[in-house]
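The values are calculated or read from the model by the stated rules, or taken from the named source; none is laboratory data. Not measured: the values here are computed from a predicted model. Glycine also receives a Cβ, built like all others from the backbone with ideal geometry; neighbour counts cover every protein chain displayed. Calculation scope for accessible area: heavy atoms of the full protein, side chains included, ligands and nucleic acids excluded. Shrake-Rupley method; radii C 1.70, N 1.55, O 1.52, S 1.80 Å.
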Amino acid sequence: YFGRFFLEQHDYMRADALSAAAVDKNPSDPAALALRGQILVMKGQSLEGRNLLEKACQLDPDDPEAQFQLGAIDDAAKRPADAVKHFRKAAALNPLDGRTWDYLALNLEPLGDVDDAEQAYRKGLEVNQPGRYFDAFLDYNYGRFLAKRNELAPSKQHLDRAVELVPQVRAVWYERAKLNLRLKNYQQARTDAEKAASCEDRAHVIIDLQVYALLAQVYGRLGETGLAKKYADLTRETEPPVRGEPR
């Protein structure tokens, strides 16, 4: 439990050391195994981490955090059907976890289960409170979901909230810029797209090429032909990511 405390404080070195010590002292303790498994996954040792998390769930099938972490592994591996099983179990065990509802919804979407996905988003928003289980990206993901369903006004409400919660993230500005373009709020779309361009995105969730293409559209709608041409040229000149490179 001391190790989990340090993990939640983002003191990863001490959490790592204490989780290893806990497993050494009692290799059959499900809480220790779950924590150690989670940290190994964070260190890139996914197979070893998963094995420990699965053992923890066998010993204590009612541990919501272990179920959540297993779901997160399947989510990262693009296995939505497997992820949904774990996230459903985690949500049933701890219905106050906003993260779990968000991940559940995100993995229901590619399975085509949009009604259940919407219910999961709504349940997540009901319980998403600051604290251990808070999910800062829940409004962003639900806003994107609503935009796909052409529910533009409620989508904007959630994307407005998203830029307040995580203003340093390029993706939230980019998605709101796209939405404002659809709503013909061209000046707002320009502001958002320029903000997206100024945000660094080391994870390559939204690449520069996407931002340039959006800026070309926005400036074109505003009649600023010089800037529209500038970004259209950048769109043509910018190399796309190498196959296999993270986006």
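Worth pointing out:
- Within the set 216, 153, the sole residue that is part of a helix (DSSP H, G or I) and either more than 30 Å from residue 119 (Cα to Cα) or touching a helix residue (DSSP H, G or I) at 6+ places or on another chain (Cβ under 8 Å) (or both) turns out to be 216.
- Residue match in region 230-239 (condition: of a type in the set (Asp, Glu), open to solvent by less than 60 Å² (accessible area, probe 1.4 Å) and either over 20 Å from the mean Cα position of the chain (by Cα) or over 21 Å from residue 152 (Cβ atoms) (or both)): yes
- Residue among 190, 236 that alone is assigned to a helix (DSSP H, G or I), within 25 Å of residue 140 (Cα to Cα) and basic (Lys, Arg): 190
- Some residue of region 131-139 being open to solvent by 20 Å² or more (accessible area, probe 1.4 Å), in contact with an Asp or Glu (Cβ under 7 Å, 6 or more places away or on another chain) and part of a helix (DSSP H, G or I): no
- Contact map, region 128-150: first residue touching a residue at least 12 places away in the same chain (Cβ under 8 Å) and under 18 Å from residue 112 (Cβ atoms), second residue aromatic (Phe, Trp, Tyr) and surrounded by 14 or more Cβ atoms within 10 Å (Cβ to Cβ), Cβ cut-off under 6 Å, separation 6 or more or different chains; pairs are 142/121.
- Tally, over region 156-173, of residues that are touching a Phe, Trp or Tyr at 6+ places or on another chain (Cβ under 9 Å) and part of a helix (DSSP H, G or I): 8
- From the list 176, 99, 122, the lone residue that is open to solvent by 60 Å² or more (accessible area, probe 1.4 Å) and either at pLDDT below 95 or part of a helix (DSSP H, G or I) (or both) is 122.
- Residue in region 76-85 that is within 27 Å of residue 1 (Cβ to Cβ), open to solvent by 20 Å² or more (accessible area, probe 1.4 Å), at pLDDT below 95 and not β-branched (Val, Ile, Thr) present: yes
- Boolean, residue 161 is surrounded by fewer than 19 Cβ atoms within 10 Å (Cβ to Cβ), within 17 Å of the chain's Cα centre (by Cα) and over 24 Å from residue 72 (Cα atoms): yes
- Residue 146 satisfies every condition listed in (1) at pLDDT below 95; (2) assigned to a helix (DSSP H, G or I) except (1).
- Test: residue 203 is open to solvent by less than 30 Å² (accessible area, probe 1.4 Å), touching a residue at least 12 places away in the same chain (Cβ under 8 Å), within 17 Å of the chain's Cα centre (by Cα) and closer than 25 Å to residue 75 by Cα: no
- The residues of region 1-35 that are free of Cβ contacts under 8 Å to residues at least 24 places away in the same chain, surrounded by 13 or more Cβ atoms within 10 Å (Cβ to Cβ), in a helix (DSSP H, G or I) and charged (D, E, K, R) amount to a single one, 14.
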